[in-house]
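In what follows, a single structure is set out as structure tokens and then discussed.
The values are calculated or read from the model by the stated rules, or taken from the named source; none is laboratory data. On a predicted model such as this, the values are computed, not experimentally measured, just so you know. Using ideal geometry, Cβ is built from the backbone for each residue, glycine included, and neighbour counts are taken over all protein chains shown. Heads up: the accessible areas ignore ligands, DNA and RNA and are worked out on the full protein's heavy atoms, side chains in. Shrake-Rupley method; radii C 1.70, N 1.55, O 1.52, S 1.80 Å.
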Amino acid sequence: MKNLRKVTLLFSALLMIFFLGACGKKDKAANIAQRTEQTKTVTWGVKADTRLFGLMNIKTGQIEGFDVDMAKTLTKKMYGKDAKVKLVQTTAKTKIPLLKNQNIDAVIAAMTITPERRKIVEFSQPYFAAGQSLLVPENSTVKNVHDLNKKGMVVLAVKGTTAVANIHKFAPKAKVLEFDDYGQAFTALKSGQGQAMSTDNGILAGIASENPGYQVVGGNFTNEPYGIAVDKGQTQMMKRIDKALDELKADGTYDKLIQKWFGNVKGFDAKGAGER
Amino acid sequence: MSTFEQAYSWINLRFLLEGLWVTLEVSVISIVLSFIIGLVLGVIRYVKIKYLSAAVGFLIDIIRNLPLLLIIFFTYFGLPELGLRMTPMLAAVTALVVFESAMLAEIVRSGIQAVPVGQMEGARSSGLTYVQAMWHIIMPQALQKMIPPLVSQFISLVKDTSLATIIVLPELLYHAQIIYSQNTTYMVPMYLMIAVMYFVVCYCLSLVARRLEKRYG
Amino acid sequence: MIHILSENWQTFLTGFENTILCSVIALFFSLIIGSIFAILQTVPSKLVRTIANIYIEIFRNIPLLVITMVFYVVVPQFFIKLSGFTAGTIGLTLYTSAFIAETVRAGIKAVGVGQMEGARANGLTYWQTMRYIILPQAFKLVIPPLGNQFINLIKNSSVLAFVAGFDLMYQGDVIASASFETINTYLVVGVFYLILTLPLSYYMRYLEKKLA
């Protein structure tokens, strides 16, 4: 019933807005630092489909991963033990709009800090030193990106990522096959369509942890630092997150989390992934 | 075959059923609300109240001729710009109700129009008021004629809930995507299973429609 | 609204062209496939009728988005790679063909058995009767509902946005997420769709009145 009343109300509002829409003005952005401090609740946008960072556990219905644990510990660091954490599932498409319209307070979702994104959101200091790396079968002769720089080598990558351009740069003689998502690229690796798959090390580590017989090799040959994002102008909130992040790094909690999620992944340099 | 067995583990199936439940929930709420609103709008459009009917008609024509996906985007990503924030659930229901009411209003209007004019005249001359005639004589007949297009519109609505996966509504398609993001080999079994689930729901609806048609048609 | 349009004119135009292209291709093929299945539903052989029925029920009762995703992510794993535009157009074609089949079948039914019997009695074969007597009349009857299917098809082509098909909806979404002028961008996108659908819709209503 509550929903029903809300919907009818919204419906009538929507009809009016549809025609007056263009002339509406934006509501003033609230101060998120103040709001979250009062309610002792931080709403984080996280991924639900990326292994090791944020992945829905089908059994429990909870989202689990490094990003999720970071969100929880950061919130406790900022507002004390009884502070509440709300997790909202986001996708590449929804995370920035949700941040802009204040449905979520901050995003921690395997998001690379880029100059373009800096124009529209505020980024924290890097919290994960992602970088492009290689995934190969365990018996492969490929040990690093230079081994791929031969005629006849085929590298599998995902369309529209920086990975494609980077392979052309670091191994100009190799051919790159582009796929639409990580699943397809990995399926191609399994069926022998290429010698290696290349993208961010964290994502490759997630695939390796789930598929015995494959490992991450060669370390990172590019830097793709992940950052926490808040809406442009929420500098007070950003400062608070940065400070909490410093404290986590100082008291060893951060290292523990890195070890917990990345320590046992074969061929993955967990120490190198930590940002200090 | 073992991939299929693993993919259809009870835990995964339960997760899919949770998604199906959200799909059904959103569908039922949207069907009920849009049917009521569509009925009212359709009648307003039919009876020709000065200005009001024309305005309603124009609005219906606009909404009917836009893609539902655009209305969903507008509701979820656009309205917050005006300070109207909502959950994916509320946004999905709102967008579906707006779009489907307009579609249903058109069905209602043509249903009423299909009732011969003589019926109204006859009812009025035997002493009924306009409203009484509308309610007791015209509408029951019009509703009979409307059953097939109404139900196929309801079926469309159930299928259209899948579009809300883009605003992260935890419905059937989204839950399937979450499952195969855990293990990409589940992709084929998952699409197969949700296709079956949607099919069963929609096909049952169309069987109900056929039943109703036989009984009242 | 105007500045969104002028700054992104080329992007909108590409999207508009792709939406039209995809709609026209899908309309063409779904008309052919739909008509074939409509005819198959009326042939004497029960087996053929059942097969046609199964095809129609499957594509009518599964969401377009699911069909499209199958062509986008599942088919390439086993057969050939399909671009978003191709996968979307194929999905749209198959989905719409089921609805067109139903519409055309209703038309064939409305023309009536009497016509068929008369023509057969005059020595025409089943297919000749279909081709020269029944179908021309049936199509005339179903032009308005077919028009409505075409309008639905144009609206449904927005599903290409899910598979990076570079249609109007996709381009609009790109502009909206870059500029954050969500409402204005979506209003422009809406106007573009209305340019295609509204005149068609009014013309179909006019035809309906004229034929009634």
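Given the residues C:Phe166, C:Phe192, which is the only one that is in contact (Cβ under 8 Å) with a residue 24 or more places away in the chain, buried (at least 18 other Cβ atoms within 10 Å of the Cβ) and either in contact with a His (Cβ under 9 Å, 6 or more places away or on another chain) or under 24 Å from A:Arg117 (Cβ atoms) (or both)?
C:Phe166
Can you pull out every residue in segment B:39-65 that is closer than 20 Å to C:Thr19 by Cα and within 10 Å of chain A (Cβ to nearest Cβ)?
The first filter runs over segment B:39-65 and keeps only residues closer than 20 Å to C:Thr19 by Cα, leaving B:62-65.
The answer is B:Ile62, B:Ile63.
Restricting to segment A:156-184, and then to whatever is within 14 Å of chain B (Cβ to nearest Cβ), more than 17 Å from the chain's Cα centre (by Cα) and in a strand (DSSP E or B), can you tell me which residue is nearest to A:Lys143 (Cα to Cα)?
A:Leu156
Quick one: which residue in C:Gly88, C:Gly84 is modelled with pLDDT under 90 and within 18 Å of the chain's Cα centre (by Cα)? Let's see the steps before the verdict.
Working: C:Gly88 fails: modelled with pLDDT under 90.
From the options C:Gly88, C:Gly84, the qualifying one is C:Gly84.
Within the group A:Val176, A:Val158, A:Val164, which residue is outside the structural domain of A:Trp44 (by the TED database), surrounded by 15 or more Cβ atoms within 10 Å (Cβ to Cβ) and under 30 Å from A:Leu257 (Cβ atoms)? Before you say what the answer is, go through the steps one by one.
Values: A:Val176 fails: under 30 Å from A:Leu257 (Cβ atoms); A:Val164 fails: under 30 Å from A:Leu257 (Cβ atoms).
One residue alone meets the criteria, A:Val158.
Of all residues in segment B:95-150, how many are under 13 Å from the mean Cα position of the chain (by Cα) and of a type in the set (D, E, K, R)?
We begin by selecting, within segment B:95-150, every residue under 13 Å from the mean Cα position of the chain (by Cα); these are B:95-105, B:107, B:149-150.
Now drop any that are not of a type in the set (D, E, K, R), which leaves B:100.
Counting residues in segment B:95-150 that are under 13 Å from the mean Cα position of the chain (by Cα) and of a type in the set (D, E, K, R) gives 1.
Is there any pair linking a residue in segment B:201-217 that is within 15 Å of C:Arg60 (Cα to Cα) to one that is surrounded by fewer than 12 Cβ atoms within 10 Å (Cβ to Cβ), with Cβ under 7 Å and at least six apart or on different chains, and which?
Listed by first residue and then by second, the contacts come to nothing, as the list is empty.
Would you confirm whether or not segment B:178-193 contains a residue that is in a helix (DSSP H, G or I), in contact with a helix residue (DSSP H, G or I) (Cβ under 7 Å, 6 or more places away or on another chain) and of a type in the set (Gly, Ala, Ser)? It would help to see each step written out before you state the result.
Filtering segment B:178-193 down to residues in a helix (DSSP H, G or I) leaves B:178-182, B:184-193.
Filter again for in contact with a helix residue (DSSP H, G or I) (Cβ under 7 Å, 6 or more places away or on another chain), leaving B:179-180, B:184-191, B:193.
The next check asks that each one be of a type in the set (Gly, Ala, Ser); those that pass are none.
Looking for residues that are in a helix (DSSP H, G or I), in contact with a helix residue (DSSP H, G or I) (Cβ under 7 Å, 6 or more places away or on another chain) and of a type in the set (Gly, Ala, Ser), one finds none in segment B:178-193, hence no.
How many residues are within 14 Å of another protein chain (Cβ to nearest Cβ) and of a type outside the set (S, T, N, Q) when one looks only at segment C:124-153? Full working, then the answer.
Let us first name the residues in segment C:124-153 that are within 14 Å of another protein chain (Cβ to nearest Cβ), namely C:144-145, C:147-153.
Those left that are additionally of a type outside the set (S, T, N, Q): C:144-145, C:147, C:150-151, C:153.
Going through segment C:124-153 one residue at a time, the tally reaches 6.
So which residues in segment B:176-188 are more than 7 Å from every other protein chain (Cβ to nearest Cβ), in contact with a Gly (Cβ under 8 Å, 6 or more places away or on another chain) and open to solvent by 10 Å² or more (accessible area, probe 1.4 Å)?
B:Tyr180, the sole residue that qualifies.
Pairs needed: first member in segment B:72-84, facing chain A (nearest Cβ under 7 Å); second member anywhere, among the acidic types (Asp, Glu) and surrounded by fewer than 22 Cβ atoms within 10 Å (Cβ to Cβ); C-beta distance under 7 Å; at least 6 residues apart or different chains.
Hits for this filter: B:Gly83/A:Asp27.
Residue by residue through segment A:128-144, note down the ones that are open to solvent by 10 Å² or more (accessible area, probe 1.4 Å) and touching a strand residue (DSSP E or B) at 6+ places or on another chain (Cβ under 8 Å). Spell out how you get there, then give the answer.
Of segment A:128-144, the ones open to solvent by 10 Å² or more (accessible area, probe 1.4 Å) are A:129, A:137-141, A:143-144.
Selection gives A:Ala129, A:Pro137, A:Glu138, A:Ser140, A:Lys143, A:Asn144.
Looking at A:Leu74, A:Leu52, A:Leu98, which one is part of a helix (DSSP H, G or I), at pLDDT 85 or above, crowded, with 21+ Cβ neighbours inside 10 Å and more than 10 Å from chain B (Cβ to nearest Cβ)? Lay out the reasoning, then the answer.
Values: A:Leu52 fails: part of a helix (DSSP H, G or I); A:Leu98 fails: more than 10 Å from chain B (Cβ to nearest Cβ).
Of the residues listed, the single one that is part of a helix (DSSP H, G or I), at pLDDT 85 or above, crowded, with 21+ Cβ neighbours inside 10 Å and more than 10 Å from chain B (Cβ to nearest Cβ) is A:Leu74.
Which of the residues that make up segment A:30-49 are open to solvent by 20 Å² or more (accessible area, probe 1.4 Å) and assigned to a loop (DSSP other than H, G, I, E, B)?
The answer is A:Ala30, A:Asn31, A:Lys40, A:Lys47.
Examine segment C:115-123 for a residue that is surrounded by 18 or more Cβ atoms within 10 Å (Cβ to Cβ), over 14 Å from C:Phe162 (Cβ atoms) and more than 11 Å from chain B (Cβ to nearest Cβ), and state whether such a residue exists. Outline the logic, then answer.
In the first step, residues of segment C:115-123 are kept if they are surrounded by 18 or more Cβ atoms within 10 Å (Cβ to Cβ); the result is C:116, C:119.
Narrowing further to those that are over 14 Å from C:Phe162 (Cβ atoms): C:116, C:119.
Among the residues that remain, those that are also more than 11 Å from chain B (Cβ to nearest Cβ) are: C:116, C:119.
Yes.
C:Ala161 is checked against (1) surrounded by 21 or more Cβ atoms within 10 Å (Cβ to Cβ); (2) in contact (Cβ under 8 Å) with a residue 60 or more places away in the chain; (3) of a type outside the set (Val, Ile, Thr) and fails just one. What number does that condition carry?
(2)
Only one residue in A:Lys173, A:Lys84 is more than 30 Å from B:Met86 (Cβ to Cβ), among the charged types (D, E, K, R) and at pLDDT 90 or above, so which one is that?
Checking each option against the conditions leaves just A:Lys173.
Being within 25 Å of A:Ala244 (Cβ to Cβ), open to solvent by 20 Å² or more (accessible area, probe 1.4 Å), assigned to a loop (DSSP other than H, G, I, E, B) and basic (Lys, Arg), is that true of even one residue in segment A:79-92?
Checked segment A:79-92: at least one residue is within 25 Å of A:Ala244 (Cβ to Cβ), open to solvent by 20 Å² or more (accessible area, probe 1.4 Å), assigned to a loop (DSSP other than H, G, I, E, B) and basic (Lys, Arg).
So which of C:Thr86, C:Thr129 is surrounded by 14 or more Cβ atoms within 10 Å (Cβ to Cβ), touching a helix residue (DSSP H, G or I) at 6+ places or on another chain (Cβ under 6 Å) and not hydrophobic (A, V, I, L, M, F, W, C)?
Numbers: C:Thr86 fails: touching a helix residue (DSSP H, G or I) at 6+ places or on another chain (Cβ under 6 Å).
Within the list C:Thr86, C:Thr129, the selection yields C:Thr129.
Determine which member of the set B:Leu157, B:Leu173, B:Leu150 is facing another protein chain (nearest Cβ under 9 Å), at pLDDT 90 or above and either outside any helix (DSSP H, G or I) or open to solvent by less than 20 Å² (accessible area, probe 1.4 Å) (or both).
Working: B:Leu157 fails: facing another protein chain (nearest Cβ under 9 Å); B:Leu150 fails: facing another protein chain (nearest Cβ under 9 Å).
Only one candidate qualifies: B:Leu173.
Can you name the condition, by its number, that C:Ala164 falls short on among (1) in contact with a Gly (Cβ under 6 Å, 6 or more places away or on another chain); (2) closer than 28 Å to C:Ile54 by Cβ; (3) aliphatic (A, V, I, L, M)?
The number of the failed condition is (2).
Identify, by number, the condition in (1) under 16 Å from the mean Cα position of the chain (by Cα); (2) among the polar types (S, T, N, Q); (3) surrounded by fewer than 23 Cβ atoms within 10 Å (Cβ to Cβ); (4) outside any loop (DSSP other than H, G, I, E, B) that A:Thr187 doesn't meet.
Just one mismatch for A:Thr187, condition (1).
Enumerate the helices (runs of 4 or more DSSP H) found wholly within segment B:1-77, keeping only those where 1 or more residues are open to solvent by 40 Å² or more (accessible area, probe 1.4 Å).
On the way: elements: B:2-7, B:10-47, B:52-64, B:68-73.
Result: B:2-7, B:10-47, B:52-64.
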